[in-house]
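Asks: Got a structure here, written out as structure tokens. Questions coming.
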Amino acid sequence: MEKSLLNKRHEQVVTASQKQQVEEQGRQFKEVNVEDWGGITRLKEEAKSAPKLEGPAITFSADEMPVKEFANKVFQELLGINYVISPKLSASGDTVTLNLSSSIDRTEFYRVAMKALEESGVTSFRKDEILYLSKSSGAEQKNSIAVGIGNKVNDIPEVAGAITHIVPYIYSSSRNITNILSKLSTAKVTVNSLQKLIILEGERAELVRAIKIINMLDVPRAFGREIRLFEFAHISPTEGIEQIKALLEEDGLSVSKEGDVSFVPLPRINSFVAYAASQDTIERISFWAKKIDVPLAGDERQYFIYKPKYAKAEDMRESLDVLLRGRTSGGSEDTASKGAVNKSAENVKFSLDKQQNALIFYTTKDEYRLVESLLKKMDVLPGQVILDITILEITLNDEMSSGIKWLYNQAGSSGSDRLTLDPGTGTLFGQVISGDWKAEFNWKDSLDDARVLSRPYFIVRDGESATLSSGDQIPIITQTVENLGNNSSVSNSVQYRSTGINVSITPIINSQGVVTLSVSMSVSDGKPNTLGGVSSPTITNRSISTEVLSGDGQTVALGGLIQEKKNDYTQGVPALGELPILGNLFKAKVDSLQRTELMMLITTKVVKSESEVDEFGEAMSELYSVPIVIK
């Protein structure tokens, strides 16, 4: 009794302080200035409910009717709605087509007409009993998304198309709300925890569902509580709640609206929502929910559906075929195991639902329990590798004969003597380097003697290949045919060759987390060349193909592809260098030899959990995103 009184008194204090904060937020967002339409400045207020349209059903037909006539016919003559149409839209000459083969009620006719206008590039806004229509370009439509605020369904703008709606919340935490919204709603959710606001984006029907879920979660008893959604596969939520309630009461917890724990069943999705006083209590509920959500023992067959979280149902089906039916993926029978699997094949029948990525079983609960245990062991997050690759070309000189040596010299590393190379041999080599090289290379990019050709980032599934191709298609003459008849002519056969950078990497992760990389890289370019009077470029290609081991977080360096380029040119004094005979006194012939080395650095990071993938995605978005300021 004392606990109940304390809870009620606490709720009164929370309600007074938190509601005052929400009212202040509402005053800030209540009015939003929008552009002038036909001399009328609109103020965006709380959206009103749909107009009450009474009367007989309507049959309507319009084939490419001008928007001005369409609006007059629909809103004034048929529905009796006051409307304002902008001069720009009135003079646009845009048309609307709407043909109804049967009569529909007036409310539905209003929605269909608004959808037809939206498809014709007309934006709309309804305030009170007046409808405003305006023409918008694609950019204007994007910038004129309807905006609303409030925690009631009637607060959502009554418009077709995309809507952004701001929902204040009082009692619950943003983490509790967003965790459940992401499972039960398709609307895009953004949270401003500091101001206790949830921003929803989507169609009106999506926002209606999202607000209903928020109102279910944001109640006084949710203040300071942990909220979690639990899904059942084998029992009903009502049955599950009764069993969990009995178990928690045995643990000394009070299960009621004013107690330590309360439940809300969701029968339509076979789930329930739990409100708990602490995280430990939520974990206790989760423990018991997993224990009781199992198939009951029995010999009666029934249908079960298993939806993998990570694996492909088609791949799992192939494995089950071998285990349960003794068949390989090609359909052949394994005679050695035929007798052992006959019993399982008789008791367990299953098929693949490829569209939903699910397996459907028809078996007893005991048999399914064994199969489900196997499926859960197979359905794990596949190994993935994040690859940070740098491809660069280094200009060599007398003081720097090796690209790898250059890297160590520039970094000031004391371990450069680990590499022993014969300068200028061009021998392919590989070396695993520990440490963080990324920061060093960000600084080296600006040096004159190194040029970064490409800097790709990949996240690759274990055993799959990642490829990068960047460059040009160069025409190559492959055949020349000359006609020596009366009208002599020459015809050439041309093929296009890809040049540029081509990279292919296949990582394989072993049980110790060591990555085997199958690497193939080529860099090619075309040079002008005239042979026998036919102009056809020469393709210069440098490539590496190898396999190398790399530990988690290590960098693999591949190099040694050295190319020499001879440059012959003449320097001289203008005009004087062109004089006959004496001109040689004022000019000089220069022969230079440029040597470059191609290098590839690969840093690997093994992804061990979903959070690391999310972390990589956030890092990429920060690297390539551009700040947007909305005024």
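Only the coordinates and a few stated rules stand behind these numbers; no lab work does. No experiment lies behind these values; they were computed from the predicted model shown. All Cβ positions, glycine included, derive from the backbone under ideal geometry; neighbour counts span all protein chains shown.
Asks: Sort HIS165, HIS234 so that the residue with the fewest other Cβ atoms within 10 Å of its own Cβ comes first and the one with the most comes last.
Replies: HIS234, HIS165
Asks: Can you sort PHE272, PHE125 so the residue with the fewest Cβ neighbours within 10 Å comes first?
Replies: Taking fewest neighbouring Cβ atoms as first place, the list is PHE125, PHE272.
Asks: What ranking of VAL490, VAL452 emerges when the number of other C-beta atoms within 10 Å of each C-beta is taken as an exposure proxy, fewest first?
Replies: Details: VAL490 10, VAL452 13.
So the ranking, lowest neighbour count to highest, is VAL490, VAL452.
Asks: Going down the table (LYS152/LYS354; LYS349/LYS377; LYS52/LYS257; LYS212/LYS349; LYS196/LYS376; LYS88/LYS196), which pairs top 30 Å between alpha carbons? Don't jump to the answer; show the numbers that get you there.
Replies: Values: LYS152/LYS354 40 Å; LYS349/LYS377 20 Å; LYS52/LYS257 38 Å; LYS212/LYS349 41 Å; LYS196/LYS376 38 Å; LYS88/LYS196 40 Å.
Listed pairs above 30 Å: LYS152/LYS354; LYS52/LYS257; LYS212/LYS349; LYS196/LYS376; LYS88/LYS196.
Asks: What is the magnitude of the charge dipole of the range 348-387 about its Cα centre, with +1 placed on the Cβ of each Lys and Arg, -1 on the Cβ of each Asp and Glu, and no other charges, expressed in debye to the nearest 20?
Replies: Magnitude of the dipole: close to 20 debye.
Asks: Per residue of the range 363-379, in order, report the coupling 6.51 cos²θ - 1.76 cosθ + 1.60 (Karplus, θ = phi - 60°) as ³J(HN,Hα) in whole Hz, putting x for Gly and Pro.
Replies: So the Karplus estimates, Gly and Pro as x, are 7, 7, 5, 5, 5, 5, 4, 5, 5, 4, 4, 5, 4, 5, 6, 7, 8 Hz.
Asks: Based on the Cβ-Cβ distance from SER256 to LYS183, what FRET efficiency comes out when R0 is 22 Å, to the nearest 0.05?
Replies: Between SER256 and LYS183 the formula returns 0.30.
Asks: Once phi is turned into ³J(HN,Hα) by the Karplus curve 6.51 cos²θ - 1.76 cosθ + 1.60 with θ = phi - 60°, what whole-Hz value does each residue of the range 309-322 show in order, with x for glycine and proline?
Replies: Result, ordered by residue: 8, 10, 7, 8, 4, 5, 5, 5, 4, 4, 5, 5, 4, 5 Hz.
Asks: Here's another thing I want to ask about it. Pulled fully out, how much extra length does the chain show between GLN512 and ALA246, if you take 0.36 nm times their separation in residues and subtract their Cα-Cα distance?
Replies: Roughly 91.3 nm would be gained on extension.
Asks: Would you work out which of ALA274, SER286, SER236 lies farthest towards the positive end of the dipole of the range 225-292? Charges go on Cβ: Lys and Arg +1, Asp and Glu -1.
Replies: Highest projection toward the positive end goes to SER236.
Asks: Write down the Kirkwood hydrodynamic radius of the range 52-129, to one decimal in angstroms, obtained as one divided by the mean of 1/r over all alpha carbon pairs.
Replies: Result for the range 52-129, one decimal place: 12.9 Å.
Asks: Something else: Output wanted: per-residue J couplings in Hz (rounded whole) for the range 460-469, from phi through Karplus 6.51 cos²θ - 1.76 cosθ + 1.60, θ = phi - 60°, x for Gly and Pro.
Replies: Couplings: 10, 6, 4, x, 9, 9, 10, 10, 9, 9 Hz.
Asks: When the convex hull of the C-alpha atoms of the range 225-292 is computed, what volume per residue in Å³ does it have?
Replies: 71
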